[in-house]
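Single-structure report; data block below.
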Amino acid sequence: MAHSHAQPVGGPLNKKFVTFMVIFLGLWGAVLLYRFIFGIGVVSGLTDYYPWGVWIAFDVVTGTALACGGYAVAILCYIMNKGKYHPLVRPALLTSALGYSMAGLAIVIDVGRWWGVWRIPLGGFPDMGKYNWDSALLEVALCVMAYVGVLWIELGPAFLEKWESTSKNSALVGFAKTGLKFYDKALIWIIALGVLLPTMHQSSLGTLMLLGGQKLHGLWYTPWIPLLYLISCVGMGYAIVVWESSLSSSLFKRDREDTMLISLSGTMVVVISLYLALRFGDLIISGKMPLMFNSGWLSIVFWAEIGLFAVPLFILANKQRRSHFPNMLRASILLMLAGSVYRFNTYITAYQPAPGQTYFPSFLEIFITFGVIALEVSMYYFIVKRYPILGGATADASAE
Amino acid sequence: MGRRDEMLDLLAELPDEGVDRRDFVKVCMMAAAALGLPAATGVKWAEAAEAGLKPSVIWLHFQECTGCTESLLRTSHPGLGTLILDMISLDYHETLFAAAGHQIEAALHDAVARGGYICVVEGAIPTKDDGIYCQIAGRTAMDILQEVGGNAAAVIAIGSCASWGGVPSAEPNPTGAVGAQEILPDTPVINLPGCPSNPYNFLGVVLQFATMGTLPALDDEGRPLFAYGRTIHEHCPRRAHFDAGRFVREFGDEGHDLGYCLFAMGCKGPETYANCSTLHFNEVPDAWPIGIGAPCFGCTTKGVGFTKPLFQEAALPPNYVPPIHAESQRGPITPGWAGVVGLATGAAVGGALMATKKLGEGGTED
Amino acid sequence: MSMDRRTLLKGLAVAGAGAVAPVEASEQYAEAPADAVGMLYDATRCIGCQACVTACKTANNLPGNRYNPPRDLDGYTKNLIRLYEGEGDYSYMKSQCMHCVDPGCANACMIGAYKKREYGIVTWDPDRCIGCRYCQVACPYNIPKFQWDTGVPLMVKCELCNHIIHDPDTGTLREGALPGCCQACPKEAVIFGKYTDLIEDAKQRVADRPEKYWGPDGEPKIFGLTDGGGTQVLYLADMNFENLGLPTLGDEGTAKQARDIQHGIYRGFIAPVALYGVLGAVMWRNSRAQKKEEG
């Protein structure tokens, strides 16, 4: 496997950033304590009719989809053997690892009887019959937990490289050397897992809402939901890689991999086209076309969602347009927004359990979500500063 | 005058040697039963009375019709005679006393000086123009009540007039009539509203105090929960008709004969807190308004009795039987907050789109 | 070249192992168990006295009573009477868990906290529940409720007074024991019994007085015989069940649909394992090619 030319960003931590984060996360910690002592009702707008709100729809479902950068790039780089994307892999993996870890945190915050969460990975053991194998949520939970582990294992080389080169502790250096050798042999099978697992759970995240049955509006309820979720998540993964790359390059004053990123956009065009084709094809064949127009405000929501997919498709379809980098960035934002809106709609907007019931997140609910994001951003910052994650000043454009 | 003679006649009918002990205990037990209390309580009452523990009672009359006193006459468990001769020491009562003029005022003065008495208030107290609209022996009702009630061991307001103003307080309330509690803000007053108040509720309170030295649990309007804890509607014998939708539509119609619910005739049972539906009057079963086919008009409850029109339909309590579809558990989405979130999201997306221009600069382009 | 035959064989072995995983049977949810018990609620007999509401609270040690009933089922209310008032007609409606034949909540619950247990009663195991609330999404009747106001919340719904009627030592039903609501009902509007007996009772009522009960096309309908796969609590009414808040469901529950899709993809774990094998093989081949290039 090609060795990475990644380097730690190095340098001192930005004082203002650190101070702000300490204060913000301190407040956030206090709010979390409040939530764990007094229950979920005081910090959220969740109800018995809308038991899943922003924490699930955004932090977990959308958050993990946005954290599919690692997944998307791994497919390109290792399955489709486009080695030129290799410098994008490690930063994407870090975003993914953090994104999935934060989704896990969000789940612990969201579930009511969180002290029993250990049962999910271990509760079936040794009597596997205690698991409910019928449940799509079981598959999502086990898969996500496994994937978080795989992601951090995949990032292992970054930590090992740093320890090998800079550690004063000879035992740690020895450990790092052995570790890196292990990775040389086993990386394929770890990465294969890292491609398999998201394929499974990103699609199942869509299947989850099928259990809502009639409560989910016909324009969103379809047996093809797993595939739609999978395709859109791949698109979102590429989009976030574009953004993560650009932001990191700009913030840490590194060269941006424009050529690489622009060629990613070709893939995005394919992905979006597949998504729209499947979405419309399924709706038309199952005779739901009238719903696109006679569902009142949900029709507007539907078309807005489609629009959010169509606009980036339009921007990227033309080779000249997409070569202008700002267009790439705009299309990526819109694509991420489109995928997020699709997920929000499936989980909240198009979910109508009973007449007269509504849901809107409360201030503290949104604050807690921001805290999760802030934690993720902080950890990204610290790790990228200290460990070899980002590609060096010399972009590795030679390999193909 | 005629009323007083009636009282005296009644008293004269009592046997000279008094009631024998067994009968007396029986009477007390029947009184207890009438109030839904165990027989043992009745025995306790009898024992206490025998022990000579007769609490002093000062009974004040103000803006009233004397109906509450009258209703006490219509009791037999215990009868008024037994009550005032054997169980309490009635030290002042304008209707029942043979004395008058300076003599009765002296009796009042002495009783107040002795202290430890129950002050019973019957009738509303006028407050307009310094309360001149009810004066006894040259003193206003306000004055008298402040002195007598202020020094009492307990104050009982019998009847709606004393409890919250009753009939005299009906619009336009020309005399500024109010209930006893308003004149005695610092003294807890036990209110026994009704027009008249059911005498057994009064007896229950007085006898409890006389025998056990305690007062019954009260609600936040000072009414004993045992009598005023439920609405008429919750205890009405005609309730099944209400639930099944069988209503009297006109006095004298077939439904009226069959005893249907009087809700459509303006019965205020759902809004009225009282126990008339289970504790009837005059010791005759069904001798109470609804029982004889007249809709309840809410005489016990302030804001209902003497206030709401007789034939206006009562308001059913809001949570009575909830509708099929519940309202949103958190109320409707507040447009203000939704607007803030929407704008913030829009600003974030817009900002990101605008940042693409700056972010897109630099780097290698084709 | 250590990654060749050995690795390939490894890949195939992993793929093969998955093939022996157990196959789920959807057939077990097609019918109620033979000894199933349930309730029959006849809305035409209900007078809205709400004695069942208080009785349920008492039987389940819940705060409150019918004198100030909540507007909806909630974390402290397992049974509720509501009122539908239309143009010139009205009906009471009892709401509680339907104890479905193929429950959505039991399908959803990944750790088996909600499960259809003995006699077909759907009960909740507090030792397993993590409070993820997927069951609330899965229930077409929106029955399971959550306690939002405490740091130690429970999922709350009617369990047919399982703790009263079911003897945990013998595993059988206690003689003469009834759920609280059925015990209290003065009009026997809601009755408890063996599911098959209740079905017959309902059919008899409908046969005796067909004009008394509503049905979608003139024929009286017993709600719960087939709705959503069937429920062990049956309903009879003299008006459209939708007025009373019951959804119009097909004969197949959403649990079955979701289960079929999930099992269709993951049956025997074959597809994931096979995909893993393919992915590994492709990457291994790519790496071999690259190593050849690098020389």
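Just name the residue that is farthest from the other protein chains (Cβ to nearest Cβ) out of those in the range C:263-276 that are aromatic (F, W, Y) and in contact (Cβ under 8 Å) with a residue 60 or more places away in the chain. Residue satisfying both the conditions and the ranking: C:F269. Kindly indicate whether any position in the range A:153-164 is free of Cβ contacts under 8 Å to residues at least 24 places away in the same chain, out of contact with any Lys or Arg (no Cβ under 9 Å at 6 or more places or on another chain) and within 18 Å of A:I383 (Cβ to Cβ). Yes, the range A:153-164 contains at least one residue that is free of Cβ contacts under 8 Å to residues at least 24 places away in the same chain, out of contact with any Lys or Arg (no Cβ under 9 Å at 6 or more places or on another chain) and within 18 Å of A:I383 (Cβ to Cβ).
Within the range B:84-104, residues that are over 11 Å from B:S56 (Cα atoms) reach partners that are among the small types (G, A, S) with beta carbons closer than 6 Å, at six or more positions or on different chains, in the pairs B:D86/B:A49. With respect to A:G194, is the statement that it is farther than 25 Å from A:I306 by Cβ and more than 13 Å from every other protein chain (Cβ to nearest Cβ) true? The answer is no for A:G194. The listed residues are A:F309, A:F302, and the only one of them that is within 26 Å of B:G351 (Cβ to Cβ) and of a type outside the set (G, A, S) turns out to be A:F309.
Residues in the range C:275-295 that are within 20 Å of A:H201 (Cβ to Cβ) and surrounded by 17 or more Cβ atoms within 10 Å (Cβ to Cβ): C:Y276, C:G277, C:L279, C:G280.
With a requirement of 1 or more residues that are at negative phi, of a type outside the set (S, T, N, Q) and within 13 Å of another protein chain (Cβ to nearest Cβ), the helices (runs of 4 or more DSSP H) lying completely within the range A:34-147 that satisfy it span A:69-74, A:86-110, A:119-122. Contact annotation: residue pairs with Cβ atoms under 9 Å, 6 or more positions apart or on different chains, pairing a residue in the range C:277-295 that is more than 7 Å from every other protein chain (Cβ to nearest Cβ) with a partner that is at pLDDT 80 or above and surrounded by 14 or more Cβ atoms within 10 Å (Cβ to Cβ), are C:G277/A:A192; C:V278/A:A192; C:A281/A:A192. When C:D260, C:D251, C:D238 are screened for being more than 8 Å from every other protein chain (Cβ to nearest Cβ), part of a loop (DSSP other than H, G, I, E, B), under 28 Å from A:L208 (Cα atoms) and in contact (Cβ under 8 Å) with a residue 24 or more places away in the chain, only C:D251 passes. Just one of the listed residues (C:G86, C:G120, C:G75) is touching a strand residue (DSSP E or B) at 6+ places or on another chain (Cβ under 9 Å), farther than 30 Å from C:Q262 by Cα and either touching a residue at least 60 places away in the same chain (Cβ under 8 Å) or surrounded by fewer than 23 Cβ atoms within 10 Å (Cβ to Cβ) (or both), and it is C:G75.
Determine whether the range A:169-177 contains at least one residue that is touching a Leu at 6+ places or on another chain (Cβ under 9 Å), without any contact (Cβ under 8 Å) to a residue 24 or more places away in the chain, surrounded by fewer than 18 Cβ atoms within 10 Å (Cβ to Cβ) and part of a helix (DSSP H, G or I). Yes, that holds for at least one residue.
Pairs meeting the criteria (first residue in the range A:316-327 and closer than 15 Å to B:E361 by Cβ, second residue part of a helix (DSSP H, G or I) and among the hydroxyl-bearing types (S, T, Y), beta carbons under 7 Å, at least 6 apart or on different chains) are A:P326/B:T356. Select from the range A:210-223 the residues that are farther than 18 Å from A:Y50 by Cα and buried (at least 19 other Cβ atoms within 10 Å of the Cβ) and list them in ascending order. Across the range A:210-223, the qualifying residues are A:L219, A:T222.
What do you reckon, is A:T259 at pLDDT below 90 and either on the phi > 0 side of the Ramachandran plot or away from chain B (no Cβ under 14 Å) (or both)? No; evaluated as a whole, the condition is false for this residue. Only one entry of A:S323, A:S362, A:S332 meets the criterion of being within 14 Å of chain B (Cβ to nearest Cβ) and farther than 26 Å from A:D59 by Cα, and that entry is A:S323. Scanning the range C:111-125 for residues being part of a loop (DSSP other than H, G, I, E, B) and either more than 8 Å from every other protein chain (Cβ to nearest Cβ) or under 19 Å from C:P179 (Cα atoms) (or both) gives a total of 4. Does any residue of the range B:84-95 turn out to be part of a helix (DSSP H, G or I) and either out of contact with any Gly (no Cβ under 9 Å at 6 or more places or on another chain) or under 16 Å from B:S197 (Cβ atoms) (or both)? Yes, because at least one residue in the range B:84-95 is part of a helix (DSSP H, G or I) and either out of contact with any Gly (no Cβ under 9 Å at 6 or more places or on another chain) or under 16 Å from B:S197 (Cβ atoms) (or both).
Okay, residues lined up against (1) out of contact with any Phe, Trp or Tyr (no Cβ under 8 Å at 6 or more places or on another chain); (2) among the hydrophobic types (A, V, I, L, M, F, W, C):
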residue: C:K256; (1), (2): no, no
residue: C:G268; (1), (2): yes, no
residue: C:A274; (1), (2): yes, yes
residue: C:L279; (1), (2): yes, yes
residue: C:W284; (1), (2): yes, yes
residue: C:E293; (1), (2): yes, no
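Take the residues in the range B:59-81 that are β-branched (V, I, T) and either surrounded by fewer than 22 Cβ atoms within 10 Å (Cβ to Cβ) or without any contact (Cβ under 8 Å) to a residue 24 or more places away in the chain (or both); name whichever of them is farthest from B:P196 (Cα to Cα). Ranking the qualifying residues of the range B:59-81, first place goes to B:T75. Residues in the range B:311-339 that are touching a helix residue (DSSP H, G or I) at 6+ places or on another chain (Cβ under 9 Å) and away from chain C (no Cβ under 14 Å): B:F311, B:E313, B:A314, B:A315, B:W337. Restricting B:A348, B:A264, B:A344, B:A315 to those that are under 30 Å from C:L80 (Cβ atoms), not acidic (D, E) and not in a loop (DSSP other than H, G, I, E, B) reduces the list to B:A264. Residues in the range A:227-238: is at least one in contact with a helix residue (DSSP H, G or I) (Cβ under 9 Å, 6 or more places away or on another chain) and farther than 19 Å from A:L66 by Cα? No, there is no match, as no residue in the range A:227-238 is in contact with a helix residue (DSSP H, G or I) (Cβ under 9 Å, 6 or more places away or on another chain) and farther than 19 Å from A:L66 by Cα.
If you check C:Y90, C:Y84 for being of a type in the set (F, W, Y), facing another protein chain (nearest Cβ under 7 Å) and more than 22 Å from A:Y351 (Cβ to Cβ), only one passes: C:Y84. Given the condition away from chain A (no Cβ under 14 Å), outside any strand (DSSP E or B), at pLDDT 95 or above and in contact with a strand residue (DSSP E or B) (Cβ under 8 Å, 6 or more places away or on another chain), answer yes or no: does some residue in the range C:140-161 qualify? Checked against the condition, which is being away from chain A (no Cβ under 14 Å), outside any strand (DSSP E or B), at pLDDT 95 or above and in contact with a strand residue (DSSP E or B) (Cβ under 8 Å, 6 or more places away or on another chain), the range C:140-161 yields at least one hit.
Among residues of the range B:279-306 being among the β-branched types (V, I, T) and loosely packed, with under 15 Cβ neighbours inside 10 Å, the one that is modelled with the highest pLDDT is B:I292. C:G171: of a type outside the set (F, W, Y), more than 14 Å from chain A (Cβ to nearest Cβ) and under 22 Å from the mean Cα position of the chain (by Cα), yes or no? Here the answer is yes, as C:G171 does meet what is asked. Just to be sure before I move on: is B:E250 at positive phi and either surrounded by 17 or more Cβ atoms within 10 Å (Cβ to Cβ) or part of a loop (DSSP other than H, G, I, E, B) (or both) in the structure I sent? No.
The values are calculated or read from the model by the stated rules, or taken from the named source; none is laboratory data. These numbers come from a predicted model, not from an experiment. All Cβ positions, glycine included, derive from the backbone under ideal geometry; neighbour counts span all protein chains shown.
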